[in-house]
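Taken together, the values in this text are just the output of simple stated rules run on the coordinates, not laboratory data. If you're wondering where the values come from, they're calculated on a predicted model, not measured in any experiment.
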Amino acid sequence: MATTAVSPGAALAAARPPGYYVRQRLWQNRPAVAGLAFIVLCALVALLGYWVLPDNSPNANHGFVQVQKESPGLRVLLLRQPLPDSARLGASPANIFSTWLGGREPEWQETPIGGYAFAGDSLILKPLGQHSAEAGRPRRLLLSAVTGHAGPRAELQGEIRQSHLLTRRYALGTDKAGRDELSRLLLGTRISLGIGLVAVLISLVLGMAVGAVAGYFGGWVDSLLLGVMTVVWSIPGIMLVIAISLALDSKGVWVSFVAVGLTMWVDVARVVRGQMLSLRAATFVEAGRVLGLPTSRLIARHLLPNMRGPLIVLATSNFASAILLEAGLSFLGLGVQPPAPSWGLMVKEGYDLLGTEAGLWLTLLPGLAISLLVLSFNLLGNGLRDAYDPKTPVAG
């Protein structure tokens, strides 16, 4: 009896799971991979948080009125002095975890200066910038007041040069409050990705539950839930978020997260309902009913996993929509509140300064960050859509 020889390559191809071809199609889509790389970079910045910021004060909110609205590339000479005793007593000890979560309070009292000179037992400071109330009037400080202790004059002068004078660079300039624009942009990734993640999780959980029940049971249950979806669908998302924020009587970060998530579940519910209607009559579902499987297990273990492709694509799209919605709410003053560094709020602050020299780049930088992140999610979503399409050819 003749046997048919099977090549090792054909046997290996036959053994490969469908996920292998999804990954292959995704990796050969260069725009999608570029979008994924930028998202991963932003996620790393958000996870590291205050550890990688030039200004790791809470909300990157440490600013100086003398250097407000300055252009990128600014270098400033700072004088460090010990904090008052009252500030030291009120400060809680910082550790690695607390710094990662909420930043670290400044350990020194810093003052931007335009120059300095030593005169006997005193340090002469030249004020910096036209914003200073004492512009043109030098200040005189005792060397011991700067260092916090007494000692020989030469020793105190050397200590001041080495430990109390430093040059700080503001790579992207400063905002209207004299805060480091780069630090606030980097910290803004935590809010944008955080609100996208929470909104997507809420929309997936709620949408999958409603859509699965409506599609599986059908009848009056389907009609009722479909009516609810239609009503929510007809309300503009931003109006619904405003209503939820007013109902909860709060404008905090977490309220914005939850409110945005509660406006996006209808998309997921409609997709799940449509998929459920087509799958509930499948052979494996009938076999599960014959075996007496509970309805909840049949839906959760056998039906919903077959929808992961469309749901992943929809989740990436909702991620981008949530970021845009939060930016719009913050721009209107209804989302994340100051001094939290939301990109939408930063655009608003720059918009208020349009017409001045600083207004353009204070608006452009956070606007560019929003555009790049939203574009990356859209490119990744398009790539995932093609990757889950069996008709898309696989290279190699």
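Taking a quarter of the surface of the convex hull around the Cα atoms of the chain, what do you get in nm²? The partial results should precede the final answer.
On the way: hull surface 122.8 nm².
Averaging across all directions leaves 30.7 nm² for the Cα convex hull.
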### Query
In percent, how large is the relative contact order of segment 326-376, given Cα pairs closer than 8 Å and 6 or more residues apart?
27 percent
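Can you check how the C-alpha radius of gyration of segment 260-372 compares to 2.2 N^0.38 Å, as a plain ratio?
On the way: Rg = 22.0 Å, N = 113, 2.2 N^0.38 = 13.3 Å.
Cα-based Rg divided by the globular estimate yields 1.66.
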### Query
Among all the aspartates and glutamates, which ones have a C-alpha under 18 Å from Lys126's C-alpha, if same-chain residues fewer than 8 places away are not counted?
Glu110, Glu134
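Can you give the relative contact order of segment 181-387 as a percent, counting alpha carbon pairs under 8 Å and 6+ residues apart? Mind showing how you got there, number by number?
Numbers: 260 pairs, mean separation 53.6, N = 207.
About 26 percent, as a whole number.
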### Query
What is the helix-to-structure angle for 30-48, meaning the angle in degrees between its Cα long axis and the longest Cα principal axis of the chain, kept from 0 to 90 and rounded to the nearest 10?
50 degrees
